[in-house]
1. State which residue is surrounded by the most Cβ atoms within 10 Å (Cβ to Cβ) when the search covers only region B:57-103 and only residues that are of a type outside the set (V, I, T), within 7 Å of another protein chain (Cβ to nearest Cβ) and touching a residue at least 60 places away in the same chain (Cβ under 8 Å).
2. Looking at region B:28-56, which of the residues that are among the charged types (D, E, K, R) and in contact with a helix residue (DSSP H, G or I) (Cβ under 7 Å, 6 or more places away or on another chain) is surrounded by the most Cβ atoms within 10 Å (Cβ to Cβ)?
3. Please give the strands (runs of 3 or more DSSP E) falling wholly within region B:26-141 in which 2 or more residues are closer than 19 Å to C:F672 by Cα.
4. Quick one: count up the residues across region C:636-647 that are surrounded by fewer than 24 Cβ atoms within 10 Å (Cβ to Cβ) and more than 8 Å from every other protein chain (Cβ to nearest Cβ).
5. Would you say C:S443 is modelled with pLDDT of 95 or more and within 22 Å of C:G515 (Cβ to Cβ)?
6. Step by step: first the residues of region B:114-158, then only those that are touching a His at 6+ places or on another chain (Cβ under 8 Å) and surrounded by fewer than 24 Cβ atoms within 10 Å (Cβ to Cβ), then the one that is nearest to C:S681 (Cα to Cα). Which residue is that?
7. I'm checking my understanding of the structure. Among residues of region C:531-568 that are within 18 Å of C:L490 (Cβ to Cβ) and among the β-branched types (V, I, T), which one is surrounded by the fewest Cβ atoms within 10 Å (Cβ to Cβ)?
Amino acid sequence: MQYMKPSTATEASDILARNEGAARILGGGTDLLVQMRSGMIEPEMIVDIKHLDGITDITAEDGGLRIGAAVSGQRLGEHEGARAMWPGVVEACELIGSTQIQGRCTMAGNLCNGGPAADSVPAMIAAAAVARIEGPKGARDCPVEEFVTGPGKTVLGKGEFVSSIFLPARPKAASDAYLRFIPRTEMDIAVASAGVNIVLADDGTIKSARVALGAVGPKVVLVADAADAIIGSKLEDPAITALVRACEAAASPIDDKRGTVEFRTTVVGVLAKRAARIAMDRAQENATGEKT
Amino acid sequence: MKNIHVSTTLNGDDAEFVCAPEETLLDALRNRLGLSGAKEGCGTGDCGACTVEMDGRLVCSCLVLGAEAQGAQIKTVEGMAIGEALHPLQQAFIDHAALQCGICTPGILVAAKNLLERNPDPTDTEIRYWLAGNLCRCTGYDKIIKAVQIAAADMRGA
Amino acid sequence: MNFQSNTKANFKVVGTRVPRPDGVDKVTGRALYGADFNVPGMQVGLILRSPHAHATINSIDTSKATALPGVKAVVTSADLGVPEDESLRDVQDNCLARGKVLYDGHAVAAVAAKDMATAKAALKLIKVDYTPLPHVTDVDAAMKLDAPVVQEARADESVPEGCGPNVTHYCEFGHGDLESGFGMADLILERSFTTAATHQGYIEPHACVASYGTDDKADLWCTTQGQYFVRDLCSGILGIEGSQLRVTASEIGGGFGGKTTVFIEPVALALSRKAGRPVKIVMSRVDVFRATGPTVSSSMDVRIGMTKDGRITAAEAKLRYQGGAFPCGTVDMGAQAAFAAYDLKAVRTQGWNALTNRPKEAAYRAPGAPMAIYAVESVVDELCQQLDLDPLDVRILNAADAGTKSSYGPTFDQIGLMATLEAAKEHDHYHAPLGENQGRGLSCGFWFNFGGNTSVSLAINSDGTVSVTEGNPDIGGSRASISMMAAEELGVAYEKVRTIITDTSSLGQNDVTDGSRVTFAVGLATIKAARAAIRVMCGRVAKIWGIDEDAVVWEDGAAKPSGPNAGDFEPMTLADIAAISSETGGPIAGHHEVNAEGAGVSFGVHLADVEVDPETGATKVLRYTVFQDAGKAVHPDYVEGQMQGGAAQGIGWALNEEYIYGDDGRLQNAGFLDYRIPVASDLPNIDTVILEIPNPGHPYGVRGVGETPIVPPLAALSNAVSRAIGVRLHELPMSPPKILKAVMAKG
């Protein structure tokens, strides 16, 4: 095995292209090293991307934020601007693993792993985040909701890797939230999860919304019906009921060691409901400047 | 397979070692640098027994490659005491029986020290969530949380 | 000396909270655990394990692995003999499968190589030809007449006619007339329960270094709860004499019963013998879960009759346990413990053990008791609920006490059950208000406690210090308590004593650190060794003073004349006597060897408050209090630690921990990610109340405290959750999907 430490995106892309299938990206390593340890993968080459320009930076861009692919969960959590603008995304990212994992794990890695239970992904999809992909032909952008194509499968082609995640600008009267269910209080993989992002109209009703659900299907799903259920409402009971129904309908989970179909379907609706209420409270607070 | 030469800073001292590309920082610490305070309980980042500090952040050293330590500042449990003087956390753990078998203790001490450097006056809940990645099977955590609080109070007073 | 009438009351050292002697080592990283030990020339040992739940091994081709450069030895069961002793043969066959693999993860072959990469490559080159066989992992399925047969003809003489082929053991305990007892009841409830297998979950994986010489002399360093037992098993398996194998225990990173046997040690010795070099084996966490001993899983029926004022009139339990692919007697302990907390006129327990295609069970803290008592305490709680009775009052009304003929036969001496129940009743926890979706549960717990073979040597050093040599690994602060008892008895400062845990060649037999025996039995032997040394010291002083030995007494760390008639002499301290020992007859020491009896049973009561999220089935433990009789708490911090740690393990068992097998018979959750032991944020503070009802069998009144506290949490949590959601649960763990299902079924 070889350990490579490219210093430019072109160099990284070149190494990946030349070693297709045999090379693996090392960002935080919190999934990669586990997979290597279990014998699940035996890469011939490790490409450590932490030394690329800007890869560990959080920068303001077009009113939004660009999060480098090697920014750790803890680092993101320390960024006041990110917390204020996208609290749901930040809290989702902070739920990945323990404090120790937080010191290393990244949103980009969480995304590239392609798992349906990845904590940061529903929040990113709800936020309409966009992944920046570097490759042999230069950079391209891909909405996070289109990035994962199946369990463990992504749109990344030969020589491509994610270099950053862009969290777009948002109006003042808006916010987001993410909740997951795990059997313990920490250290588990989500059994079901929900990310909700809302924007309020001047009258306090929901003008637009995005609801994404995790761990209830082969990949994280953006549920338009769930968003439609709450748009135009102030989360009154009928809207909440419709949201829960839409989420339950969109869930197509499996029975496994972590949960049953019945449990996941029920709980994902509960989580969406609760996350929507948190997002609503935050958005109202942002709109009025007062805690609700 | 070609070994990699790594220059790093270990508990404040310059240190060098060679390791295989796939070798973890934990293996390098234990087998190349002779520091066996960090333990391997799982090898998958689930138990925290291998916790060390890398550039000011806690990491599971089983999930870091040795090669990544190049140019980094690594701190382990072996660097906590200054000469004969134990760190207040170490003293509190002894004085208040915060360990039974002691296998999780090095990881917990390193993690708790990092917490108190960020937050000198944490609540019990904050300590419990901060240490959620450090499994202890002996104590039920009760005396660990109390010892961290006692050390924190001691350090705030000092 | 007659301890019955002379339990010590005034203590100077015992009962204080001194710093443990191994504290600095363990907070600085200096302490050496199993995997921390290395020797020059050491090879890496790695074990190949079965991917099948049950299969015939047709052949094992090791030729390619053996030929790989850097490989020093490959072993299979063919490299070992076949021990005559059945239980030793089972241990060996569990370490390296012979003929068949019996569970997913069963060891098949092992290699020793120059490094890990070579060892891994060599494992891949071993070709095992299997024929898969039908498998069974569930205890009820395994009990059936037409179940897949795990091992042929393993039933012992206890098994009655008509049992299925996997039933290896049957037991029955009790007394009185059940029929007339149930006839007197106003309410009879019969309920069935299941509990999942749980793992001890020690954070330190098994590890050892074996060094076997061409002269058939061998050394073994390993993490274990009992180096002597490791020696006996390994020398038996390797076919060498016990004296030629020296076993040294490292510091141990948790055991809880799981390190009372061998898994890798005989393999490492066999590899070392074949390779002619030292071999180190460290288990991976995955292998620890797949192939070391979890506890039994169970299926149980309990029937209890009660009068409307709360008197239990009759009780019976049927316990079906599986302890994996080898015969196992754990159900005996469950059947004896089930009703131990109650004074019953009519009681019967029956137990069956069945073989399954799971790893060989190893002891886990009060083995067999938690599940049986969970079932009993659940039914008692439901009776109280249905009869509208206070569950603590009902326990007090029916509690076993001194003079009670226990449900398993013996008549109890002084026991602490009533005191713990009364302490719980008086405690403010029992009276604190509960909110919505909250419930309070309680349960009694019991463990027998063991004594056993113990050997201690105590040297009075010429500088006035004391060295205690004992043979039981310190799993939770026992060096401190042993030093404290030596200091107490000799009348010297605690700091003057250092207790060392030695290897197998330096003392007589010491039974495993289990059965909550160490503070009791090693403590007892230490006290008697100290008394032996005191007799020597008094003899020396008598000679110096020229008076009768009987005229010298030992008080406050010094020899004194027994009274005015004995003469007028200045007391001589231990240090005075030690300093001139070479002039008075040479070194001074005491030792004691005993198969200790009189361990004194242990009772505890736990109170748990929980809140259940009715929309997700998540349970939060809000408050937890442990009440337990310690006899005499030698080091209260570590007594509390046992109570808290046991409670935490029991809470894990009740809520989330379980072995999950797939339809293919393979373990699905072999890691700390999906085998969910409690993390710090899962638990509240665990409050403790120590009661001290002296054990007449120990000079200081000590009882073992380590095991009882894992027993009550199962029912305490189940009762709390059942009361919180208004539905009775009969299955552990109470994972959120099960609770939510019960809540939704209720409507």
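The values are calculated or read from the model by the stated rules, or taken from the named source; none is laboratory data. All of these numbers come straight from a predicted model, not from anything done at the bench. Every residue, glycine among them, receives a Cβ derived from its backbone with ideal geometry; neighbour counts consider all protein chains shown.
1. B:C60
2. The first filter runs over region B:28-56 and keeps only residues among the charged types (D, E, K, R), leaving B:30, B:32, B:39-40, B:46, B:53, B:55.
Those left that are additionally in contact with a helix residue (DSSP H, G or I) (Cβ under 7 Å, 6 or more places away or on another chain): B:39-40, B:53.
Numbers: B:K39: 31, B:E40: 24, B:E53: 24.
Step by step, filter region B:28-56, then rank; the result is B:K39.
3. Working: elements: B:51-54, B:57-60, B:73-75.
Those strands (runs of 3 or more DSSP E) span B:57-60.
4. Total meeting the criteria: 1.
5. Numbers: modelled with pLDDT of 95 or more: yes; within 22 Å of C:G515 (Cβ to Cβ): yes.
Taking the combined requirement at face value, the residue satisfies it.
6. Out of the qualifying residues, it is B:K146.
7. If we take residues in region C:531-568 being within 18 Å of C:L490 (Cβ to Cβ) and among the β-branched types (V, I, T), then C:V553 is surrounded by the fewest Cβ atoms within 10 Å (Cβ to Cβ).
Residue-wise test of (1) within 14 Å of another protein chain (Cβ to nearest Cβ); (2) without any contact (Cβ under 8 Å) to a residue 60 or more places away in the chain; (3) closer than 30 Å to A:I15 by Cβ.
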position: A:A177; (1), (2), (3): no, no, no
position: A:A194; (1), (2), (3): yes, no, no
position: A:L222; (1), (2), (3): no, no, no
position: A:S233; (1), (2), (3): no, yes, no
position: A:A242; (1), (2), (3): no, yes, no
